[in-house]
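Beneath this line is the structure, given in structure tokens, with notes to follow.
Only the coordinates and a few stated rules stand behind these numbers; no lab work does. In this text, all values refer to a predicted model and were calculated from it rather than measured experimentally. Note that each Cβ is placed from the backbone with ideal geometry, even for glycine, and that neighbours are counted across all protein chains shown.
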Amino acid sequence: MDKLIIEGGSPLYGTVSISGAKNAALPLLAATLLAPGWHTLHNVPDLRDTRTMLKLLEILGARWERSGQTIRINTDQLTGVEAPYDLVKTMRASVLVLGPLLSRSGFARVSLPGGCAIGARPINYHLKGFEKLGVATRLEQGYVEASVTGRLQGGTVYFDTPSVTGTENVLMAAVISEGTTIIKNAAKEPEVGNLIDMLTAMGGAIEGKDTDRLTVHGVGRLQATESVIIPDRIETGTYLIAVAATGGTVTITGCNPAHLPALSEKLALCGVKIEAAENSMTVSCPEINGKNRCSLHSIDITTLPFPGFPTDLQAQFMALMVQGDGVSIIHETIFENRFMHVAELKRMGADITIEGSRAVVRGIGRDKLCGAPVMATDLRASASLVIAGLSASGTTEISRIYHLERGYENMVEKLQGLGAKIRKVRE
């Protein structure tokens, strides 16, 4: 396996370009199963997870070809209806083929999902939603088997808690249903909106984009289309936090500032300067006493569904708050096991106490973190350790970085372009 070696203490300067969003690319790739023909997707990041989804589409009978960031997928002939354990165990988003397979074939068999070990993340929301559309579901030897006789029937689906993948899966099942489906308390994340745009371009009839109430008027069939993946707001946020942690000035291009309202507000409260344009953000730390990085005010955050503070940026923000000038309370409300990075940050000198779903971070100030050997436990925890390593003194070695490669395209090369002393080596 590979590991990262980081020599910390260097501020970041320059320009970095944001890739397409992993969490948008995966449902759009799955949606190509809904209609035969050649689909074209632009701005698709080349990641471990997107490659896994493409492999799954192959197993189901699709053919695809890539040219740069554009992928063309042919779904004329679907020859399979099963997503096997060997693939699904590595990526929870594989469950997104359930809705399209039900709409197209009337049957699907998908292994219970895996992915990052950040909590149970059950798919009961998906299954209850499908049942409202007339789908019969059962669990059999670790697999979800779902079937419907004839076309799916419109119905009313209510999510107790907004679920991004649950909303996406039900949307893809309902779009070719008979009648009207109403999804209440739907997720409002930009990635859901990206999927709605694609389904609409395919001939779907969906009302309520960017709201928590979606109305889907079922249509008889869809056609292949061309779509663009939105910029990755989590990658954008990770680089914003990295610059805040290390100091310096960086312009982030190819992003959408409107997708990060909560993070932008919190960073400003910390004392970080952010200037947003239409498709770019410039982040900098005002100089204090001749130093190129400002002191950091400790603030509290609570993770919430969009437009609240993203759970996928909680670990990275914690690595920033470790350097704060006071006490920060970080409340995780989305996943029950998303503090596994805490033990690794403490190895580098962080002062953090876990109290149930809250982490109490007592800031140790700037220039106090020390490099150490640490281990990545999940995708976003990996990013938090990179940020900590970049801002620490000495050398940090991060093992198990295959987690990082699931969701960040060319992170090492992008950080090197900003002046970071980081390299990947074989363990």
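When each of the peptides 4-17, 369-382 is scored by the mean number of other C-beta atoms lying within 10 Å of its residues, the order from highest to lowest reads 369-382, 4-17. Put in order of Cβ neighbour count within 10 Å, fewest first, the listed residues I301, I59 become I59, I301. A protection proxy built from the mean count of other Cβ atoms within 10 Å ranks the segments 352-362, 249-259, most packed first, as 249-259, 352-362.
For the cross-link pairs K266/K424; K188/K346; K346/K414; K89/K266, which exceed 29 Å when the distance is taken from alpha carbon to alpha carbon? Distance filter (> 29 Å) returns K266/K424; K188/K346; K89/K266.
In the chain, helical runs assigned H by DSSP with n ≥ 4 each contribute -39500 (n - 2.57); averaged across all residues and rounded to the nearest 500, the mean residue ellipticity at 222 nm is -8500 deg cm²/dmol.
Axis angle, to the nearest 10 degrees, between helix 233-246 and the longest C-alpha principal axis of the chain: 10 degrees.
A rounded overall shape is assigned to the stretch 22-228, the ratio a/c of its alpha-carbon gyration tensor axes (a ≥ b ≥ c) being less than 1.5. Enclosing the Cα atoms of the chain in their convex hull gives a volume equal to 125 cubic angstrom per residue.
Between L269 and M340, the FRET efficiency from the beta-carbon distance, with R0 = 35 Å, is close to 0.85.
The label point for K184 and the one for D212, both projected 7 Å from the Cα toward the Cβ, are 1.2 nm apart. If the chain linking H331 and T79 were pulled fully straight, counting 0.36 nm for each residue of separation and taking away their Cα-Cα distance, it would gain 86.2 nm. Each of D351 and E278 was given a label point 7 Å from its Cα along the Cα-to-Cβ line. The distance between the two points is 4.8 nm. State whether the stretch 197-239 is rounded, prolate or oblate according to the following rule on the C-alpha gyration tensor (a ≥ b ≥ c being the square roots of its eigenvalues): a/c under 1.5 gives rounded; otherwise a/b larger than b/c gives prolate, and the remaining case gives oblate. Oblate, because a/c is 1.5 or more while a/b does not exceed b/c. When DSSP assigns beta bridges and you keep just the ones with both residues in the chain, what percent turn out antiparallel, to the nearest 5? Taking every DSSP beta bridge within the chain, about 70 percent pair in antiparallel fashion.
Cβ under 13 Å from A31's Cβ, A31 left aside: what net charge do those residues give with Lys, Arg +1 and Asp, Glu -1? With Lys, Arg at +1 and Asp, Glu at -1, the neighbours total -3.
Take every DSSP beta bridge whose two residues both sit in the stretch 226-348; close to 75 percent of them are antiparallel.
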